[in-house]
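Comments concern the structure below.
What follows draws every value from the coordinates through simple rules; no lab data is involved. What you see is a predicted model, and the numbers here were worked out from it, not measured in a lab. Don't worry about glycine lacking a Cβ; one is built from the backbone with ideal geometry, like all the others, and counts go over all protein chains shown.
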Amino acid sequence: MAKTLCGRSVSDFGIGTWGIGGRSSPETGNDKGDVEAIRYALDKGINVIDTAEMYASGHTEEIVGRAIKEYDREKLFIITKVWNTHLRYPDLLKSAEQSLKRLGVSYVDLYLIHWPNPSVPIAETISAMEKLVEKGLVRNIGVSNFNVKELQDSMDAAKTCEISANQIEYNYVKREAEVDIIPFCEYNKVDVIAYTPIMKGHIASNSPLKKLGQKYNATPIQIALNYVLKRSYPIPKSSRKNHIDELLGALDFRLSEQDFIELRDNRA
Ligand SMILES: NC(=O)c1ccc[n+]([C@@H]2O[C@H](COP(=O)([O-])OP(=O)(O)OC[C@H]3O[C@@H](n4cnc5c(N)ncnc54)[C@H](OP(=O)(O)O)[C@@H]3O)[C@@H](O)[C@H]2O)c1
């Protein structure tokens, strides 16, 4: 399952970081273990890491920075996001520079607007994002949690860059995105990045996933991840080696077209 993000060949899924190093504020107690978990994923061939300035008020980016510093930067694909209270032109430039500093890198591969903010004109925000690309601090720009109208507005506002990706919640249980935003992204060649792709791990008892798991000799989580791989680029989060191994096991098989359809229509 070769995957691309922003036109670049990348690992079949990326690794998320929400909760690493804290949630709304920093928690430093497990930094060493978190760094090791990210390195474990990288050593297993995952080269995409998703983070955000908001996560643990910046501490998550610091942990990612520590984890990646011995790795070849050019082989990695780092995504980070600007929080939606920082979408004014000067605020966004400042946020990006601070993220780069915490990550210890000179550029990120993809910079996303974390959530829309209707009180800031989208043209102003996109113009700041384009400035970052011009300065070489960001390779691609995109959005997150944008509906069709918001995405269309951001695409209309973009003058020198494409809107390359929309990161949205998409998993086997939450599939509203299949109705409108995913088809819109597919039509417009905007990459769909799926967050919460394994429903936070709370799917062990999901009957259709369990049933199909028996056929493929796979766990419900592996079936769920395989399902979203079909139409998106998932970024599951895990800080445990055995869980990362289980996630990677989702790449050992591919759901047949018929099973995918049956699962989608809940007939599995
Ligand atoms: N753009 C946005 O607004 C937005 C919103 C939410 C999330 N995100 C991004 O998307 C990433 C993924 O989403 P998420 O963290 O919300 O949810 P998720 O990836 O669906 O689930 C993560 C949870 O599942 C557990 N887990 C992982 N592998 C498992 C396994 N094999 N068996 C059982 N449990 C397992 C993890 O615990 P362990 O660590 O203990 O394995 C963690 O608690 C985030 O980390 C973040 O980078 C973005």
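Some points to look at:
- Search result, residues across the range 251-268 that are free of Cβ contacts under 8 Å to residues at least 40 places away in the same chain and not charged (D, E, K, R): F253, S256, Q258, F260, I261
- The listed residue being more than 14 Å from the ligand (Cβ to nearest atom), among the basic types (K, R) and within 19 Å of G14 (Cβ to Cβ), out of K230, K159: K230
- Flag if K200 is assigned to a helix (DSSP H, G or I), more than 16 Å from the ligand (Cβ to nearest atom) and out of contact with any Leu (no Cβ under 6 Å at 6 or more places or on another chain): no
- Scanning the range 121-152 for residues that are acidic (D, E) and either under 18 Å from L93 (Cβ atoms) or surrounded by fewer than 17 Cβ atoms within 10 Å (Cβ to Cβ) (or both) gives E124, E130, E134.
- The one condition in (1) within 12 Å of the ligand (Cβ to nearest atom); (2) in contact (Cβ under 8 Å) with a residue 60 or more places away in the chain; (3) part of a loop (DSSP other than H, G, I, E, B) that L225 fails to fulfil: (3)
- Of all residues in the range 244-265, those that are within 16 Å of the ligand (Cβ to nearest atom) and of a type in the set (V, I, T) total 1.
- Those helices (runs of 4 or more DSSP H) of the range 64-165 in which 2 or more residues are more than 30 Å from V179 (Cα to Cα) and under 19 Å from the mean Cα position of the chain (by Cα) occupy 89-103.
- Taking the criterion of being of a type in the set (F, W, Y) and in a helix (DSSP H, G or I), the only residue of the range 166-186 that qualifies is F184.
- The criterion of at least 1 residues that are of a type in the set (V, I, T), touching a residue at least 24 places away in the same chain (Cβ under 8 Å) and within 10 Å of the ligand (Cβ to nearest atom) is met, among strands (runs of 3 or more DSSP E) falling completely within the range 1-51, by 48-50.
- Single match in Y233, Y195, Y172 (criterion: touching a helix residue (DSSP H, G or I) at 6+ places or on another chain (Cβ under 9 Å), touching a residue at least 60 places away in the same chain (Cβ under 8 Å) and either of a type outside the set (D, E) or within 20 Å of T80 (Cα to Cα) (or both)): Y172
- The test for being surrounded by 20 or more Cβ atoms within 10 Å (Cβ to Cβ), closer than 25 Å to N266 by Cα and of a type in the set (A, V, I, L, M) does not hold for A165.
- Hey, G16 closer than 16 Å to Q167 by Cβ and surrounded by 17 or more Cβ atoms within 10 Å (Cβ to Cβ) or not: yes
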